[in-house]
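The values are calculated or read from the model by the stated rules, or taken from the named source; none is laboratory data. Nothing here was measured: the structure is a model prediction, and the numbers come from that model. Cβ coordinates were reconstructed from backbone atoms using ideal geometry, including for glycine residues, and neighbour counts include every protein chain displayed. For accessibility, only protein heavy atoms count, side chains too; no ligands or nucleic acids. Shrake-Rupley method; radii C 1.70, N 1.55, O 1.52, S 1.80 Å.
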Amino acid sequence: MTGTRLLVCSDLHASEDALKALERAAREEEFDAVVICGDFTTYGSLDYVKRALKSFDTKVLAVPGNCDTRPTVDILEEAGASIHGRRQEIEGTQFFGFGGALPSPHNMPFEVEEADIVAGLRGACSKGGVMVTHMPAKGMNDLSRSGKHAGSEGILKVALECAPVLALSGHFHEARGVVDSDGTVFLNPGSAREGCYAAAVLGRKVDVELRELPDIKRGR
């Protein structure tokens, strides 16, 4: 199958097992890029973030998650991996994104007001590209444990404006899935810490496959 091949993952939460398994998965198949949708750690060490970015032989693109600390953005930028409020091109496709999540009662390290998420995404947006966020768009792979759609209305608004061919997110571990809506494929690969990732191919159409990492127990 021809096209730009992506390994998509999210929510590693400092799991050494998940990082090693993702590294093996990337070695065993030819990918053009690895896309990480945030939550490298849970308020954890920046050393893990640095090691994660160096674990892959191919290009890495990433945004921070709400559990990542603010200096994570500096690490991503130093590694040339950041698409947080930025845009990068791979194989002729523009990738743009914005990390963090909406404010919550839990006061997580990387919470962002919705207006700032919208402004950041609009500033980097490329029509027909690939949008990468940590928090999903409202109604797209965003069912919380309470059974409510808890995604961002602002991210959905930008998705409708920019019409990306693929919109990647994480955040809600339990909302793993794929939704095809108005020409955009919305993908939540699930939590890598819980043994989940995905592969995507960008060609004449977008093909997505949800996958499991071996030897990592799901739902822990």
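Points worth noting:
- Evaluating N141 against the criteria (1) assigned to a strand (DSSP E or B); (2) polar (S, T, N, Q); (3) within 14 Å of the chain's Cα centre (by Cα) leaves one unmet condition, (1).
- Only one of the numbered conditions (1) without any contact (Cβ under 8 Å) to a residue 24 or more places away in the chain; (2) of a type in the set (A, V, I, L, M); (3) closer than 12 Å to N141 by Cα is violated by V178, and that is (1).
- Verdict on I75 being open to solvent by 10 Å² or more (accessible area, probe 1.4 Å), in contact with a helix residue (DSSP H, G or I) (Cβ under 7 Å, 6 or more places away or on another chain) and part of a helix (DSSP H, G or I): yes
- For V8: the one exception among (1) closer than 25 Å to S152 by Cβ; (2) assigned to a loop (DSSP other than H, G, I, E, B): (2)
- The range 24-42, subset farther than 25 Å from N107 by Cα and in a loop (DSSP other than H, G, I, E, B), residue least open to solvent (accessible area, probe 1.4 Å): F31
- Cβ-Cβ contacts under 9 Å between residues 6 or more apart (or on different chains), taken from a first residue in the range 70-99 that is closer than 12 Å to T133 by Cβ to a second residue that is of a type in the set (F, W, Y) and not in a strand (DSSP E or B), are listed as G99/F110.
- Residue match in the range 159-166 (condition: of a type in the set (D, E) and buried (at least 17 other Cβ atoms within 10 Å of the Cβ)): no
- Filter result (under 13 Å from T184 (Cβ atoms), in contact (Cβ under 8 Å) with a residue 24 or more places away in the chain and either in contact with a strand residue (DSSP E or B) (Cβ under 6 Å, 6 or more places away or on another chain) or of a type in the set (A, V, I, L, M, F, W, C) (or both)) within the range 140-163: M140, N141, I155, V158, A159, C162, A163
- Residue in the range 181-198 that is buried (at least 17 other Cβ atoms within 10 Å of the Cβ), out of contact with any helix residue (DSSP H, G or I) (no Cβ under 7 Å at 6 or more places or on another chain), closer than 17 Å to D142 by Cα and of a type in the set (V, I, T) present: yes
- Counting only residues that are touching a strand residue (DSSP E or B) at 6+ places or on another chain (Cβ under 8 Å) and either outside any loop (DSSP other than H, G, I, E, B) or not polar (S, T, N, Q) (or both), the range 45-70 holds 10 of them.
- Residues satisfying the stated conditions in the range 142-170, i.e. at pLDDT 95 or above and either among the basic types (K, R) or at positive phi (or both): K157, A163
- Listed conditions (1) free of Cβ contacts under 8 Å to residues at least 12 places away in the same chain; (2) assigned to a loop (DSSP other than H, G, I, E, B) are all met by I216, apart from (1).
- When we screen S104, S45 for residues that are at pLDDT below 95, more than 30 Å from K138 (Cβ to Cβ) and surrounded by fewer than 19 Cβ atoms within 10 Å (Cβ to Cβ), the only hit is S45.
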